[in-house]
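This report concerns only the one structure given below.
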Amino acid sequence: MTTRTAMAGAILSAAVISPFSVSQVVAAEPLRLSVTSGLAENHAVLAIVRTHFQDEVSRRVADAGAGEIVWDAMHVGTPTRMGGVLEAVEDDLALIGIVAVNHETLRLPLQNLTFQMPFTTEDCAIVGAAYQAVHRNVPGMTDALSAARQTFLSGIASDGYNFISVQPIRNAAEVRGLKVGMVDRLENWIAGVQGIPQRLPDDTMGARMEAGVLGAAVLPTSEMGRLGLKRDADHYTRTGLGSQVPFVLTVNTHALEALPDTVRTAIEETNATFTQAAAQAYCQAGDEALVDLKAQGVRTTKLLKTRRFQWADSLAPLAQQWATANDAEGRPGREAVDMFVVELRAAGVTLTRDWSRAAPPSLLDAAATAAKELSQVPAK
């Protein structure tokens, strides 16, 4: 018996919850596949994965005459918590994982790439495509997932991260001293302008804002209405912090290999178009959420371009610091940052700040000007 056959047999015989059911061997019965996330049922990304991945895989399998797929979902309130999805898929509890990368910073440091580069673009499709390109072309990007017995499928690029607040935020100075709620690891974005980051479970933010504990929250626009933040904060600022990749879709490698060929092909073909479909749907969810916020009376402001540049330039060289730390551990941090920036530029993005450089352009230009002036001083 081969290792692959032994692994498949072990998974197929697992009790209660498994990546797929023993019914796969009976053509007349539905094939049961499982997906897990630890997310609330009303989270935008669950609808996106259901519509653009699960339903599409099911359609392709049915069109091939290979039977019916039934998806078992394990989300919030199940044994899988948001920070335990990677482990759940690794332990054969589910076939597909929607992994929140900010909750796996120790095991998946490279998958947190985009969070080191705020102020890039709000175009989800461009960010998603650039993220895929980095994972496809940079050796070592998916080694940590392989170590967790998983195969990287896709990054899920969100709509833009923006502020909702009790008082208007028109520049970085108005964040100074403000307690800002966040679900993801955005501490450097906020502390970098002397705000006070407060990382919290998303379902507690509304109550804390109502109690006056928080003055603002920063998160994708698509999430603001779901969390009820508009009840307690009536100022929305489109800061241009940009689309990020808060989730990656993974699959248990051995379970994938043990699936029937038709099902495995359906997963691979669906994944080829999923990144873009998911990104477009996520951006649309953000647009719809903003329309709803406006209808509820939330006042909206767009950060002026000059103030956006000032905010970006005031931050530490986050990407360079992150790249250096990863390089020191033998991971391709700098190569990942450089390729991501190259991909954004190739897609036509004009960067607010070039994160592949150690200092913002304004500082580099000032240094170059000073050096030029110094060179023109006559020697004594």
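The values are calculated or read from the model by the stated rules, or taken from the named source; none is laboratory data. Note that the coordinates shown come from a computational prediction; the quantities given were computed from them, not determined experimentally. Cβ placement follows ideal geometry from the backbone for every residue including glycine, while neighbour counts extend to all protein chains displayed.
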### Message
Name the single residue that is surrounded by the most Cβ atoms within 10 Å (Cβ to Cβ) among those in segment 175-195 being under 18 Å from L229 (Cβ atoms) and more than 22 Å from the chain's Cα centre (by Cα).
### Response
V175
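For every residue, the table says whether it meets (1) modelled with pLDDT of 95 or more; (2) within 12 Å of S222 (Cβ to Cβ); (3) basic (K, R).
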site	(1), (2), (3)
A266	yes, no, no
N271	yes, no, no
Q276	yes, no, no
C283	yes, yes, no
L293	no, yes, no
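So is T324 within 21 Å of N137 (Cα to Cα), surrounded by 18 or more Cβ atoms within 10 Å (Cβ to Cβ) and either among the aliphatic types (A, V, I, L, M) or modelled with pLDDT of 95 or more (or both) or not?
Values: within 21 Å of N137 (Cα to Cα): yes; surrounded by 18 or more Cβ atoms within 10 Å (Cβ to Cβ): no; either among the aliphatic types (A, V, I, L, M) or modelled with pLDDT of 95 or more (or both): yes.
The answer is no for T324.
Just a yes or no: is a residue in segment 106-117 over 24 Å from A336 (Cβ atoms) and at pLDDT 90 or above? Step through it out loud before you land on a result.
So the first thing to find is which residues in segment 106-117 are over 24 Å from A336 (Cβ atoms), and the list is none.
No, that holds for no residue.
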### Query
How about segment 171-201: which of its residues are without any contact (Cβ under 8 Å) to a residue 60 or more places away in the chain, in contact with a strand residue (DSSP E or B) (Cβ under 9 Å, 6 or more places away or on another chain) and assigned to a helix (DSSP H, G or I)?
E174, V175, E187, I190, A191
### Query
Since S165 meets every condition but one in (1) at negative phi; (2) among the polar types (S, T, N, Q); (3) surrounded by fewer than 21 Cβ atoms within 10 Å (Cβ to Cβ); (4) modelled with pLDDT of 90 or more, which condition does it not meet?
(3)
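With touching a residue at least 24 places away in the same chain (Cβ under 8 Å), more than 18 Å from A157 (Cα to Cα) and of a type in the set (S, T, Y) as the only criterion, which of T324, T352 stands out? First the steps, then the outcome.
Details: T324 fails: touching a residue at least 24 places away in the same chain (Cβ under 8 Å).
When all the criteria are applied, what remains is T352.
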#### Entry: Of residues in segment 202-225 being touching a strand residue (DSSP E or B) at 6+ places or on another chain (Cβ under 8 Å) and either assigned to a helix (DSSP H, G or I) or among the charged types (D, E, K, R) (or both), the one modelled with the highest pLDDT
T221
### Query
Could you list, in sequence order, the residues of segment 205-245 that are buried (at least 20 other Cβ atoms within 10 Å of the Cβ), of a type in the set (A, V, I, L, M) and under 19 Å from H43 (Cα atoms)?
M205, A217, V218, L219, M224, L227, L229, V245
### Evaluation of R149 against (1) in contact with an Asp or Glu (Cβ under 8 Å, 6 or more places away or on another chain); (2) within 27 Å of A255 (Cβ to Cβ); (3) modelled with pLDDT under 95; (4) surrounded by fewer than 19 Cβ atoms within 10 Å (Cβ to Cβ) (one fails), failing number
(3)
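For residues that are assigned to a helix (DSSP H, G or I) and of a type in the set (K, R), tally how many sit in segment 328-340. Let's see the steps before the verdict.
Step one: list which residues in segment 328-340 are assigned to a helix (DSSP H, G or I), which gives 328, 333-340.
The next check asks that each one be of a type in the set (K, R); those that pass are 334.
Matching residues across segment 328-340 total 1.
Go through segment 29-42 and report how many residues are surrounded by fewer than 23 Cβ atoms within 10 Å (Cβ to Cβ) and either in contact (Cβ under 8 Å) with a residue 60 or more places away in the chain or in a loop (DSSP other than H, G, I, E, B) (or both).
The first filter runs over segment 29-42 and keeps only residues surrounded by fewer than 23 Cβ atoms within 10 Å (Cβ to Cβ), leaving 29-30, 32, 39-42.
If we keep only those that are either in contact (Cβ under 8 Å) with a residue 60 or more places away in the chain or in a loop (DSSP other than H, G, I, E, B) (or both) as well, we get 29-30, 39-42.
Adding up the residues that qualify gives 6.
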### Message
If I ask for residues that are surrounded by fewer than 23 Cβ atoms within 10 Å (Cβ to Cβ) and either closer than 18 Å to A147 by Cβ or at pLDDT 95 or above (or both), which ones from segment 73-99 would you list?
### Response
G83, G84, E87, E90, D91, D92
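So is G181 closer than 26 Å to Q284 by Cα and small (G, A, S) or not?
Working: closer than 26 Å to Q284 by Cα: yes; small (G, A, S): yes.
Yes; evaluated as a whole, the condition is true for this residue.
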